[in-house]
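Presented below is the structure to which this report refers.
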Amino acid sequence: MADAKQNQLQNDETRVDILLFGAHPDDVEWGAGGTVLKLQASGTSFGIVDLTRGEMGSRGTTEERDKEAQDAAFSVGARFRENLNLPDCGVIDSVENRKKIASVIRRWRPKMVLAPYWTDRHPDHAATGNLIRNAAIYCTLKKSNDPNPPHKSSAYLYYLLHHFTQPGMVVDISEVYDRKLELLRMHASQFSKTAEGFGVVPVGMNDYLFGLESRDRFFGSLIGVHHGEAFVSEAPLRLGSISDLPSLR
């Protein structure tokens, strides 16, 4: 009996409820930072996996971005934040990379996986979304040489960054929105100034955080709240009953 309890404790320590993927060290915060803050408040366990270190970015050094990412993860109570060290501006949907993604999922055994939407103007964002979609089958293969056992997550959700499509769901993040902006400012090399202040040509809005808030206000307006984060599910989500849905207002 004691051995069974010990095994259960070990299993709990080596798994998370939700696993979030981003192409770059600030993507999770940019697309799902409010959702992460709400996970923290609810006591839901989660971890973050960045595919690249953002080394090709115009702003900040790789070392600065590493520290910013770890500080942000610590501040929101992530169980861990790890980096797969794929090449920035060179993420591709390959069999090798699918297996790397699958190995992480098999190791942490999340109930739910979140990742960027697979259509986006940044090729790394799009490739990351496609990698997570296509890695799902590698997560369940019994004949894989992966050292971790097969695992099938209950749901895969994809957060919107630059691209718009009709979302399947929107999370109300109004009450934590100021904290989301603080979380993004922890990535000081990326968000402490306007684009003009960084001396780079802006794409879209001159102020990155203003552009972000405009997007999140729009998503919030879809459900009648101040701010929201939008998600897409490629496959229908399984419900045992209509009562499993959150309260509708």
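The values are calculated or read from the model by the stated rules, or taken from the named source; none is laboratory data. Just so we're clear, the structure is a prediction, and the values are computed from it rather than from any experiment. So basically every Cβ, Gly included, is an ideal-geometry build from the backbone, and we count neighbours across all protein chains shown.
Tabulated data
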| item | result |
| --- | --- |
| Identity of the residue in the stretch 205-223, at pLDDT below 75 and surrounded by 13 or more Cβ atoms within 10 Å (Cβ to Cβ), that ends up nearest to Gln70 (Cα to Cα) | Tyr208 |
| Conditions (1) at pLDDT 95 or above; (2) more than 15 Å from Val16 (Cα to Cα); (3) surrounded by fewer than 21 Cβ atoms within 10 Å (Cβ to Cβ); (4) among the β-branched types (Val, Ile, Thr): number failed by Thr61 | (1) |
| Qualifying residue in the stretch 163-172 (condition: modelled with pLDDT of 95 or more and more than 15 Å from Pro116 (Cα to Cα)) | yes |
| Matching residues in the stretch 129-153 - criterion: being modelled with pLDDT of 95 or more and hydroxyl-bearing (Ser, Thr, Tyr) | Tyr138, Thr140, Ser153 |
| Candidate set from the stretch 162-173 (those that are assigned to a strand (DSSP E or B) and hydrophobic (A, V, I, L, M, F, W, C)); member that is farthest from Ser214 (Cα to Cα) | Met169 |
| Number of the exception - Tyr159 against (1) without any contact (Cβ under 8 Å) to a residue 40 or more places away in the chain; (2) buried (at least 21 other Cβ atoms within 10 Å of the Cβ) | (1) |
| Filter result (loosely packed, with under 14 Cβ neighbours inside 10 Å and of a type outside the set (Ser, Thr, Tyr)) within the stretch 93-110 | Val95, Glu96 |
| Neighbours by Cβ (under 6 Å, 6+ apart or cross-chain): first from the stretch 30-44, of a type in the set (S, T, N, Q); second at pLDDT 95 or above | Thr35/Val171; Thr35/Glu229; Gln40/Val76; Gln40/Gly77; Thr44/Asp17 |
| Residue that is surrounded by the fewest Cβ atoms within 10 Å (Cβ to Cβ) [pool: residues in the stretch 174-187 that are within 17 Å of Phe210 (Cβ to Cβ) and hydrophobic (A, V, I, L, M, F, W, C)] | Leu181 |
| The stretch 111-144, subset among the aromatic types (Phe, Trp, Tyr) and under 25 Å from Arg15 (Cα atoms), residue surrounded by the most Cβ atoms within 10 Å (Cβ to Cβ) | Tyr117 |
| Residue that is modelled with pLDDT of 95 or more and either out of contact with any helix residue (DSSP H, G or I) (no Cβ under 7 Å at 6 or more places or on another chain) or more than 23 Å from His122 (Cβ to Cβ) (or both), where the choices are Asp17, Asp50, Asp12 | Asp17 |
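Residues are listed down the side, and each one gets a yes or a no for (1) of a type in the set (Asp, Glu); (2) in contact (Cβ under 8 Å) with a residue 24 or more places away in the chain:
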position	(1), (2)
Glu63	yes, no
Asp71	yes, yes
Ala78	no, yes
Leu86	no, yes
Ser94	no, no
Ile105	no, yes
Trp108	no, yes
